[in-house]
Amino acid sequence: MTQAGSDNTTAGAARHGFGVDVGGSGIKGGIVDLSTGELVGDRYKIQTPQPSTPDAIARTVAEIVAHFEWTGPVGVTLPAVVTNGVARSAANIDKSWIDTDARALFAKAIGTDSVTVLNDADAAGVAEDKYGGGKGKDGVVVLLTFGTGIGSAVLHNGVLLPNTEFGHMEIGGKEAEHRAASSVKENQDLSYKEWAKEVSTVLEAFEALLWPDLFIAGGGISRKSEKWIPHLTNRTPVVPATLLNTAGIVGAALAADTAVPSAETDTSAGSVD
Ligand code: BGC
């Protein structure tokens with residue numbers, strides 16, 4: 001496949017990055033124009049291998065990178081808490097991810113030293129904050145992804161506080177994601193209005209603790225935002241995510257690009273993984 005520059009140093013005017021978004025059902029990657037947050041060409045998707053063990057996923061991630069003949073820094077998301085490149089939890093992927101050094105594993109599989117690994121919602125959050133629903137907004141921005149669970153990302157003036165897990169906060173005796181993930185709407189066959197009531201309860205609990213300036217609602221259900229955002233009764237404005245299914249790829253590419261300058265001296269400083 002011919003690309004407009006297979007690494008970010010030879011890309012000419014536009015600076016390019018590369019991101020891979022690992023989900024429970026699909027693994028998607030692509031080249032990202034870091035000045036616009038748009039994909040350069042198509043994204044490439046492969047079904048998540050089952051069982052979704054670290055080795056099986058690392059092989060798939062490497063296949064996606066090879067598909068684009070990409071040789072620069074790579075950002076990879078995981079549906080997991082990730083500290084210093086190590087997965088500390090595992091949501092919708094094999095439990096053997098817990099305590100796996102994901103950064104080392106992906107680096108070996110891809111054949112590069114330059115890998116940044118971060119939580120999937122954090123990646124979507126940095127992408128939406130910079131290029132999407134939060135573009136130009138200062139203050140505290142909270143992105144929530146409504147899917148099988150609820151992922152969260154908290155940013156202050158564009159700087160991420162990594163690994164917040166607000167989807168697991170207990171609200172009225174139930175975890176937030178058991179109350180208001182979009183899977184709950186499906187499983188309980190709730191109308192948008194009924195589901196929006198649960199989402200409002202969750203947002204009210206979050207806003208009482210965080211006092212955000214803006215919520216960004218992500219996940220597939222944000223495509224139908226006009227059906228439920230108007231029913232919300234919480235205080236803080238809620239806008240839909242705009243990057244939709246590319247947010248994870250874009251945020252991963254951005255995180256990898258941001259991590260590069262510090263990589264030679266200190267792999268943790270200035271990095272969001
Ligand atoms: C996990 C988060 C993840 C979110 C979305 C939650 O269940 O705890 O780490 O970001 O699902 O995948």
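Of everything in region 54-89, what is within 20 Å of ARG43 (Cβ to Cβ) and either among the β-branched types (Val, Ile, Thr) or within 16 Å of the ligand (Cβ to nearest atom) (or both)? Give them in sequence order.
Result: ILE57, THR60, VAL61, ILE64, VAL65, THR71, VAL74, GLY75, VAL76, THR77, LEU78, PRO79.
Of all residues being out of contact with any Gly (no Cβ under 7 Å at 6 or more places or on another chain) and of a type in the set (A, V, I, L, M) in region 25-45, which is farthest from the ligand (Cβ to nearest atom)? Just the residue, please.
VAL40
Return the residues of region 53-102 that are β-branched (Val, Ile, Thr) and either at positive phi or surrounded by fewer than 17 Cβ atoms within 10 Å (Cβ to Cβ) (or both); say none if nothing qualifies.
THR53, THR83, ILE98 - these are the residues of region 53-102 that are β-branched (Val, Ile, Thr) and either at positive phi or surrounded by fewer than 17 Cβ atoms within 10 Å (Cβ to Cβ) (or both).
Evaluate the following for VAL184: is it touching a helix residue (DSSP H, G or I) at 6+ places or on another chain (Cβ under 6 Å) and more than 11 Å from the ligand (Cβ to nearest atom)? Spell out the reasoning first.
On the way: touching a helix residue (DSSP H, G or I) at 6+ places or on another chain (Cβ under 6 Å): no; more than 11 Å from the ligand (Cβ to nearest atom): yes.
No, not satisfied.
In contact with a Leu (Cβ under 7 Å, 6 or more places away or on another chain), within 16 Å of the ligand (Cβ to nearest atom) and not aromatic (Phe, Trp, Tyr), is that true of ALA196? Give the steps one after another, and end with the answer.
Details: in contact with a Leu (Cβ under 7 Å, 6 or more places away or on another chain): yes; within 16 Å of the ligand (Cβ to nearest atom): no; not aromatic (Phe, Trp, Tyr): yes.
No.
Is there any pair with a first residue in region 143-171 that is under 21 Å from ALA255 (Cβ atoms) and near the ligand (Cβ under 8 Å from one of its atoms) and a second that is open to solvent by 10 Å² or more (accessible area, probe 1.4 Å) and aromatic (Phe, Trp, Tyr) whose Cβ atoms are under 6 Å apart and which are 6 or more apart or on different chains, and what are they?
Between residues of region 143-171 that are under 21 Å from ALA255 (Cβ atoms) and near the ligand (Cβ under 8 Å from one of its atoms) and residues that are open to solvent by 10 Å² or more (accessible area, probe 1.4 Å) and aromatic (Phe, Trp, Tyr), the close pairs are SER152/PHE166.
Does region 105-120 include one or more residues that are acidic (Asp, Glu), in contact (Cβ under 8 Å) with a residue 24 or more places away in the chain, open to solvent by less than 10 Å² (accessible area, probe 1.4 Å) and more than 9 Å from the ligand (Cβ to nearest atom)? So that I can check it myself, show each step before the final result.
Of region 105-120, the ones acidic (Asp, Glu) are 113, 120.
Checking the rest, the ones that are also in contact (Cβ under 8 Å) with a residue 24 or more places away in the chain come to 113, 120.
Next, from what is left, pick out any that are open to solvent by less than 10 Å² (accessible area, probe 1.4 Å): none.
Scanning region 105-120 turns up no residue that is acidic (Asp, Glu), in contact (Cβ under 8 Å) with a residue 24 or more places away in the chain, open to solvent by less than 10 Å² (accessible area, probe 1.4 Å) and more than 9 Å from the ligand (Cβ to nearest atom).
Within region 38-56, can you find the residues that are free of Cβ contacts under 8 Å to residues at least 40 places away in the same chain and closer than 16 Å to VAL22 by Cα?
Within region 38-56, TYR44, LYS45, ILE46, GLN47, PRO49, GLN50, ALA56 meet the criteria.
Does THR148 satisfy the condition of being under 20 Å from the mean Cα position of the chain (by Cα) and polar (S, T, N, Q)?
On the way: under 20 Å from the mean Cα position of the chain (by Cα): yes; polar (S, T, N, Q): yes.
In short, yes.
The values are calculated or read from the model by the stated rules, or taken from the named source; none is laboratory data. Computed from a predicted model, the values in this text were never measured in an experiment. Cβ: placed from backbone, ideal geometry, glycine included. Neighbour counts: every protein chain shown. Accessible surface is based on the protein model in full, side chains and every heavy atom, while ligands, DNA and RNA are left aside. Shrake-Rupley method; radii C 1.70, N 1.55, O 1.52, S 1.80 Å.
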